[in-house]
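See structure below.
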């Protein structure tokens, strides 16, 4: 609707897959799956629940009567009890055993964990695709010399492909962290109102072994290996903080990439994709703004800042639970995932279509390389009989004169011409040009690219080959 606010995260940035995970439909269908798992497990452990009741619950597991639940919530002001009521209206023979012994957090918290795990798996899948695209790029340009920068000032040479491995390595570290979080994520389980399982002690006449088995059964039915050993009313809110910190780390990696690319595009060395009919500026028709990289920066900044929300919530949960977590977490957690999904969609799009301008790269490199080559020139001239101290002073003077020529007069770098003309160096022009070959200054960069990809990246891509070739859509 055009007369209501709609979150740009849904409307412009995130994918349908990620948006669905945080939808009402996903949430309420998962609630019903949990109620079924609970009833099944309670029946298996001897409570008076019939197969007919279980089958009735399963019949309406995905057929949610939202209008009944919404009308009931207006009356009772309780979302879980409204859906228990609505489910019971569809399942009259089973309504008496729905949510038996459980508290609201049985469905609410367990569902949040399930959704976060599914969302983390989608994030993981997209990171793997970015890594794949950047790996192809790094291999293609592993030996192309380019000017390195430290402090954003010209430094020793690297290669275009070697620089890309820095972006990949950030994502490899992120992937390791995400896999750890996915593997260690646990359900809240079946813990009762304040985590003591008191209601289940009543149901099972104090049989603690059955209660422990109940939790194991429900946990397994919902696809998890374990539940948290102890909880208050909720699962530990540190879990949300851990998850969003992990998302923040991915955002940091994407942020760094986007800033690097924005600078490279300003230097005209590399560009993000620019479509045939794309408009760069409403006023300046010639412009090719790095709008996708800028959007990565913007959304990443939001994710990084937003990660403070669950951190503060985790620190301010009093005793067994306070409800100031609820409104905050349903916004902060969902929006972190939606925003990061938008970031990764953009990252996939850009990394699969990066544009490189070799002649611009070479021109900038050649303007700075003479200064970097002076030590090599000095060593070669000394080997040919020159005086090291005398030649060092000559290079210093020529460098100062050349620097003034470049900076103050806007002329080209003629340092090597000056050196070649000075007989004290005993170097012909061809000798200087040989020394000046950029490939003499890139160290092991090409080999490092190969080693890194073979040792660290290829195993990841091989182990996750079924996750490759994700198609993403960029809305703006």
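The values are calculated or read from the model by the stated rules, or taken from the named source; none is laboratory data. This is a predicted model, so every value here is computed, not measured. Positions of Cβ are backbone-derived with ideal geometry, glycine not excepted, and every protein chain shown enters the neighbour counts.
Brief remarks follow.
- Which listed residue is under 24 Å from the mean Cα position of the chain (by Cα) and modelled with pLDDT under 95, from 328, 345, 366: 328
- Every test in (1) touching a strand residue (DSSP E or B) at 6+ places or on another chain (Cβ under 9 Å); (2) under 23 Å from residue 193 (Cα atoms) is passed by residue 143 save one, and that test is (2).
- Against the conditions (1) free of Cβ contacts under 8 Å to residues at least 12 places away in the same chain; (2) more than 30 Å from residue 174 (Cβ to Cβ), residue 16 satisfies every one except (2).
- Considering the range 436-476, the residues that are at pLDDT 95 or above and surrounded by fewer than 12 Cβ atoms within 10 Å (Cβ to Cβ) include one that is farthest from the chain's Cα centre (by Cα), namely 444.
- Residue check for residue 152: closer than 29 Å to residue 349 by Cα, at pLDDT below 95, surrounded by fewer than 22 Cβ atoms within 10 Å (Cβ to Cβ) and touching a helix residue (DSSP H, G or I) at 6+ places or on another chain (Cβ under 8 Å): yes
- Flag: residue 382 does not match the condition of being surrounded by fewer than 18 Cβ atoms within 10 Å (Cβ to Cβ), within 37 Å of the chain's Cα centre (by Cα) and more than 30 Å from residue 10 (Cα to Cα).
- Looking only at residues of the range 74-103 that are assigned to a helix (DSSP H, G or I), within 37 Å of the chain's Cα centre (by Cα) and modelled with pLDDT of 95 or more, we find that the one that is surrounded by the most Cβ atoms within 10 Å (Cβ to Cβ) is 83.
- Options 135, 159: the member that is within 23 Å of residue 369 (Cβ to Cβ), touching a helix residue (DSSP H, G or I) at 6+ places or on another chain (Cβ under 8 Å) and either modelled with pLDDT of 95 or more or surrounded by fewer than 17 Cβ atoms within 10 Å (Cβ to Cβ) (or both): 159
- Some residue of the range 175-190 being buried (at least 20 other Cβ atoms within 10 Å of the Cβ), out of contact with any strand residue (DSSP E or B) (no Cβ under 9 Å at 6 or more places or on another chain) and closer than 24 Å to residue 38 by Cβ: yes
- Residues of the range 133-178 that turn out to be in a loop (DSSP other than H, G, I, E, B) and either closer than 18 Å to residue 460 by Cβ or touching a residue at least 24 places away in the same chain (Cβ under 8 Å) (or both), as a count: 5
- The condition of being more than 38 Å from the chain's Cα centre (by Cα) and either crowded, with 21+ Cβ neighbours inside 10 Å or part of a loop (DSSP other than H, G, I, E, B) (or both) does not hold for residue 54.
- Annotation note: Cβ proximity below 8 Å between a residue of the range 410-421 that is outside the structural domain of residue 394 (by TED's automatic domain parsing) and part of a helix (DSSP H, G or I) and a residue that is surrounded by 13 or more Cβ atoms within 10 Å (Cβ to Cβ) and at pLDDT 85 or above (sequence gap 6+ or interchain) occurs for no pair.
- Per-region count, the range 1-45, residues touching a helix residue (DSSP H, G or I) at 6+ places or on another chain (Cβ under 7 Å) and either crowded, with 20+ Cβ neighbours inside 10 Å or not in a loop (DSSP other than H, G, I, E, B) (or both): 28
- Within the range 191-216, if we keep just the residues that are over 22 Å from residue 319 (Cα atoms) and within 33 Å of the chain's Cα centre (by Cα), the residue that is surrounded by the fewest Cβ atoms within 10 Å (Cβ to Cβ) turns out to be 216.
- On the stretch given as the range 348-374, residues that are touching a helix residue (DSSP H, G or I) at 6+ places or on another chain (Cβ under 9 Å) and assigned to a helix (DSSP H, G or I) total 15.
- Residue match in the range 396-405 (condition: exposed (fewer than 13 other Cβ atoms within 10 Å of the Cβ), part of a helix (DSSP H, G or I) and in contact with a helix residue (DSSP H, G or I) (Cβ under 7 Å, 6 or more places away or on another chain)): no
- When the criteria are applied in full, residue 253 meets the requirement of being within 30 Å of residue 346 (Cβ to Cβ) and not assigned by TED's automatic domain parsing to the domain that holds residue 42.
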